Amino acid sequence: MGKASTSSTTKDALVLFDSLRSAYSATPTTLKIIDLYVGFAVFTALIQVVYMALVGSFPFNSFLSGVLSCTGTAVLAVCLRIQVNKENKDFKDLPPERAFADFVLCNLVLHLVIMNFLG
Amino acid sequence: MATRNLGGFLVLILAIAICEAASVFQPISDSHRSAGSELFTANDGSFGSLEEAYEALRSFEILGIDKKSDIRTATCQSVVDKLGSSSSAPKDLFYALKVNSILKCKVNDKIFEGIAARLKAIANTASSLLDFYHSIGSLVLIKDQSSEVDVLLADAGGIFHSIKSLSQSDGRWRFSSDNPESSTYAAGLALEALSGVVSLASSEIDQSKIGTLKSDILKLFDSVEKYDDGAMYFDEKVVDLRERQSPLSTTASVVRGLTAFAAVTSGNIKVPGDKILGLAKFFLGIGIPGNAKDFFNQVDSLASLESNKVAIPLILSLPATVLSLTKKDRLQVKVNTVLGSSAPPLTVKLVRALSSGSKVASTIESQELKFDRESESHFLDVPKSVDVGNYIFVFEVVLHDSEDEKVYATGGSTQVQIFVTGVIKIENAEIVVLDSDVGSIETQKKLDLAGENSLALSANHLQKLRLSFQLTTPFGNAFKPHQVFLKLRHETKVEHIFVVGKSGKKFEIILDFLGLVEKFYYLSGSYDIQLTVGDAVMENSFFRAIGYIDLDLPEAPEKASRPPTPAIDPYSKYGPKAEISHIFRVPEKRPSQELSLIFLGLVFLPLIGFLVGLLRLGVNLKNFPTSALPATFGILFHVGIAAVLLLYVLFWLKLDLFTTLKWVGLLGVFLLFVGHRILSHQASTSAKLKSA
């Protein structure tokens, strides 16, 4: 019973993952790129947090700027994704080029601040 | 201990006081000899140039230092080289011959003949004073060194005239006819050159020319400058920085020229004797110069003055200017020539002795000093009328032989500052505590200020303290020292100093404690009493504790000022300060380098993952515009972003915020423009696709 239920849970999970993957494969490539970018930024931030946990937060401003640079750019990328996604009716009239220009501008401003804070 | 300190201080004052009156000129002595042999040092037996070698050899010769053999070999070699070379300049020949005149190196007469012919040609055609000086000087030296060679000048009158034509109306000379500036230094050179012409002349020079030259010398001596102590010197009037001669070398040049000229002409030059003496004092007054050139100028000029034909200066000097009455010191005066040889028979008279207090009245009558043949000094017991104090003695030198007066310059009277010291008697010293209102004596103690005292007094604020004593000189006169201080010192190291005034014959001070309570900060208790009596001429100056007084003062009222915090030891003010140790923040603990590098690598992992992911997604650049203009804008857009990011990196590394913002502004405008162009192009293409 127990064994059967465990195997069925695993099976359910696999089914769930499969369905998720097949649903996601339908996502446009543009959005996949953005997702990949967000993942990259988040992982970089995570590595920095792990490093801080091991070593201590001595140059605290450097740590903060590193992590915030990653999370900040991730958040901006998420915003870009929301605006570019065609299924979002709110931004239907907004051309993706305009959204990309916003993304670039915001990133530049964010990194100016980050560089100032880096020490 | 304290007494010794004060004694040292008084000796210092005395020394300073003597230095101020330093108008005593001492002739050249052994200290000059040792300084001379140290100043002129040859590197491995030879000097830098023959000029330096001559200066060293000449100084050694004058001072009687035997060092010739050390430098003979190397120096003679360069002398022979210089004389043998046909391209040597007159100046080099001149100094080579000068060195040879002292060392007497082996030089062939043939060589002399060749040089003499060349030098004569130069002397006949020369136009600058230095050429005349060197060529004629060299010819004179050849004449002295070799009797075989013919050095006589055929056209002596013509050369004399051409040198004379460079002279100025004020007795000074120009270096050449095209140089309008006249110089005193040049006058000395010219006189030396002219005296050479006179001695080399084959026929006699016109006496009228020599007469005008003598009056030129007198004019030159009108421009001599004078110090307060009687020293005289020549200085260049025109300050030409390139060839500026110091007063010492200028004066030395004139002295050399004058003595050389006086040696070759008959009849005397009427330069006043006191000017010659003033020049001698100038050379002696500079002490021992620190550099070889000055040393040579000093010693050589003094040697010229020592045997000159104008007037030989005699220097009056005192071995000691501090005379002690207790030790029965005698006044000792020496009269020597500048180099320290003995003077002709003469008498020294003490004409006047002016006390420093009264500048006019003489305290003694004129007295003659007794000559002691053995020590070559003139002695006099200190006259009875000269008490302790500070005096100016005026001496006069009288030569016995009236013929000597034409040869020597004694300079009339000489003033010397003399300190006469002695033991001062302290008498009738007593200390009394008085009742303030009645004036009746409460306690009275005799003091022996010559020995130790340990008084124990007590007084209250209604009483007075009176200290009195008398000071008399060995001759019984009242004496007033520079410093008489009474010091009261409380246990808490608060000090009060009072000046003890002179009333009548007595020194007396009355301390009325009622008026002083405030000054004493109402501090009751034991006060040490210290008395200071000091003067430069008082041999038994003292600073002595004479006991203590127990003061009973009223309680301090509320508003009374607090006693000052005890001063820090005044000597510590000048001593080394406590070392300042800087404490820096302890550096934070840093992680090991390996760990940091590993994490640096890890940070790149997501980036690689990102790129790999991009590849797997099959990203392409197909949407990148293909036509030329939009493609340019596209490239420019990416370049612009890269430029902004690069600027940020620079900002992190070295730029400041303002420079960065300025550049960001410029790049931003550019980026906005190209970004707008490329993105609107993209938008329009995608819109076309949609509509199509």
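Project the alpha carbons of the protein assembly as shown onto their principal axes and report the range along each, largest first, in whole Å.
150, 107, 50
Express in whole angstrom the spacing between the alpha-carbon centres of segment B:190-224 and segment A:100-116.
97 Å
For segment B:14-166, just say rounded, prolate or oblate: build the C-alpha gyration tensor, square-root its eigenvalues into a ≥ b ≥ c, call rounded for a/c under 1.5, and beyond that prolate if a/b exceeds b/c, oblate if not.
It is oblate, given that a/c is not under 1.5 and a/b is not larger than b/c.
Which helices, taking whole DSSP H runs in chain B, have alpha carbons extending 18 angstrom or more along the helix axis plus mean Kyte-Doolittle at least 1.0?
Helices meeting the criterion: B:2-20, B:184-200, B:247-264, B:593-617, B:628-653.
Please report the projected area of segment B:624-684's Cα convex hull averaged over all directions, in nm².
4.2 nm²
Normalised radius of gyration for segment A:10-119, please: alpha carbon Rg relative to 2.2 N^0.38 Å, two decimal places.
Cα-based Rg divided by the globular estimate yields 1.33.
Calculated from DSSP H runs of 4 or more alone, at -39500 (n - 2.57) each and per residue, what is the 222 nm mean residue ellipticity of chain B, nearest 500?
After summing the helix terms and dividing by the residues of chain B, the value is -14000 deg cm²/dmol.
May I have the convex hull volume per residue, in Å³, for the Cα set of segment B:25-314?
So the per-residue Cα hull volume is 132 Å³.
In whole Å and largest first, what semi-axes does the C-alpha gyration tensor of segment B:319-446 yield when each eigenvalue is scaled by 5 and square-rooted?
For segment B:319-446, the ellipsoid semi-axes come out as 47, 15, 10 Å.
Given B:LYS219/B:LYS270; B:LYS309/B:LYS370; B:LYS214/B:LYS406; B:LYS98/B:LYS275, which pairs have Cα atoms separated by over 20 Å?
Where the Cα-Cα span goes over 20 Å, the pairs concerned are B:LYS309/B:LYS370; B:LYS98/B:LYS275.
Points 7 angstrom from Cα along the Cβ direction at B:SER147 and A:LYS86: gap in nanometres?
13.4 nm
As I understand it, the value is the acute angle between the Cα axis of helix A:60-84 and the longest principal axis of the Cα atoms of chain A; what does it come to in degrees, rounded to 10?
Helix A:60-84 and the main axis of chain A meet at about 60 degrees.
Based only on the alpha carbon positions, what is the Kirkwood hydrodynamic radius of segment B:57-96, in angstrom?
11.3 Å
Evaluate E = 1/(1 + (r/R0)^6) for B:SER385 and B:LYS209, where r is the Cβ-Cβ distance and R0 equals 51 Å; express this FRET efficiency to the nearest 0.05.
The calculated FRET efficiency here is 0.30.
What distance in nm separates the simple spin-label points at B:LEU629 and B:SER458, each placed 7 Å from Cα in the Cβ direction?
Using points 7 Å along Cα→Cβ, the separation is 11.9 nm.
Just to confirm the filter: which GluC sites (Glu not before Pro) across segment B:422-507 are DSSP coil and have at most 14 other Cβ within 10 angstrom of their Cβ?
Taking segment B:422-507 and a limit of 14 other Cβ atoms within 10 Å, the loop GluC sites (Glu not before Pro) found are B:GLU452, B:GLU491.
Cα-based Rg (one decimal) and Dmax (whole number) for segment B:425-564, in Å?
Cα radius of gyration and Dmax of segment B:425-564 are 15.7, 56 Å respectively.
Quick check: Cα centre of segment B:449-510 to Cα centre of segment B:35-77, how many Å?
Between the Cα centres of segment B:449-510 and segment B:35-77 lies a distance of 64 Å.
Once the Cα atoms of chain B are picked out, what are the Rg and Dmax in Å?
Reported Rg and Dmax, both Å: 45.0, 142.
For B:SER86 and B:SER202, FRET efficiency with R0 = 30 Å and r from the beta-carbon atoms, rounded to 0.05?
0.70
Cα centroid distance between segment B:248-282 and segment B:592-610, in Å?
Segment B:248-282 and segment B:592-610 have Cα centres separated by 94 Å.
We did not get these values from a lab; they are worked out from the coordinates using the rules stated. The structure displayed is predicted, hence computed values, not measured ones. Please note: Cβ atoms are built from the backbone with ideal geometry, for glycine as well, and neighbour counts cover all protein chains shown.
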